[in-house]
Each structure stands twice: as structure tokens, then as C-alpha cells.
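The values are calculated or read from the model by the stated rules, or taken from the named source; none is laboratory data. Every value quoted in this text rests on a predicted model; they were computed, and no experiment measured them. Here the Cβ positions follow ideal geometry from the backbone for every residue, glycine too, while neighbour counts run over all protein chains shown. SASA here: full protein model, heavy atoms, side chains in, ligands and nucleic acids out. Shrake-Rupley method; radii C 1.70, N 1.55, O 1.52, S 1.80 Å.
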Amino acid sequence: MADLVYKDELKTWEERHDIEFVKTVDPGGETEDWNGRVGFVPLVLRDLELDPTNAYAIVCGPPIMIKFTIQGLDAMGFQPEKIITTLEMKMKCGLGKCGRCNIGHTYVCKDGPVFSFAQIQAMPAEF
Ligand code: FES
């Protein structure tokens, strides 16, 4: 719990009755006062029985988590246009000057960094 950020915001979401709020930590991250789930996000997703027909998924976090979460959402039937993520890990200067963030003709810093999975699928395979 000591490393948890946005504690007040998370508590507010947890108290809402119009959303289902699920929090999880990596195995080993739980403590005695942890009342959430324990498990990696892609594995927790499988248990949630989400209906992808009328839903968007917004995925942010470490690149490896993003990669496997998107694979899971794709397998669950989420439309690629409705999976939103960020490619900011590709950015260096963030100002459109260094040319280090380009994927094909797309400059992540100028054209994103937020993209749909459909947009990412249309990019060259270097991502
Ligand atoms: S991060 Fe430098 S050009 Fe995009």
C-alpha cells in the first residue's frame, strides 16, 4: 500500500456504484492491509467476464503489461478501434526534433502518443 499512488482517487472510484472497480497488484506486491486482487492484469482480465460489444479499454502502464493486456483484450473480442493505449515509451525528446520516436511515417510525440490498437496494427512491424 505504501507504493500506491492516487490513493484518494482510487478510493473515490471504489466507492462508486455505477462502475465495477477492480484493483490488483503483482504477486508479491500485496501486504496485510491490501484488500484488492493479486495477479497480473492480463490474468485478472480473463476472470472479469467483460462484454466487449459496448466497451472501450484504455490501457496504460509498463510496456510488457500493455502488450499482454492488449493481446488478452483482442482475444476477448474487443474491436481494435476500441482498445486505446499509449506509445510514449518510444519518445525521447518529445518535441518532434530528435526523430527517435518515428514508426514509419508516424511520429509518436507529434501524432500521439495515444493511439488505438487499430492504428498500431496499421503501423510497420517495428513496434
Ligand atoms: S520524441 Fe523526438 S522526435 Fe519524437
Name every residue in the range 105-123 that is open to solvent by 20 Å² or more (accessible area, probe 1.4 Å) and within 13 Å of the ligand (Cβ to nearest atom), in order of residue number. 105, 106, 107, 109, 110, 111, 112, 113
What are the residue pairs meeting all of these: first residue in the range 95-122, first residue more than 18 Å from residue 66 (Cβ to Cβ), second residue away from the ligand (no atom under 14 Å from the Cβ), Cβ atoms under 7 Å, and 6 or more apart or on different chains? 104/123; 104/124
Can you tell me which residue among 39, 28 is open to solvent by 50 Å² or more (accessible area, probe 1.4 Å), free of Cβ contacts under 8 Å to residues at least 24 places away in the same chain and of a type outside the set (S, T, N, Q)? 28
Taking the stated definitions as given, is residue 66 buried (at least 17 other Cβ atoms within 10 Å of the Cβ), β-branched (Val, Ile, Thr) and away from the ligand (no atom under 16 Å from the Cβ)? yes
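In the range 1-20, what residues are among the acidic types (Asp, Glu) and assigned to a loop (DSSP other than H, G, I, E, B)?
If the condition is that a residue be among the acidic types (Asp, Glu) and assigned to a loop (DSSP other than H, G, I, E, B), then 3, 18, 20 are the ones that fit.
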Residues of the range 8-34 that turn out to be of a type outside the set (Ser, Thr, Tyr) and within 21 Å of residue 57 (Cβ to Cβ), as a count: 13
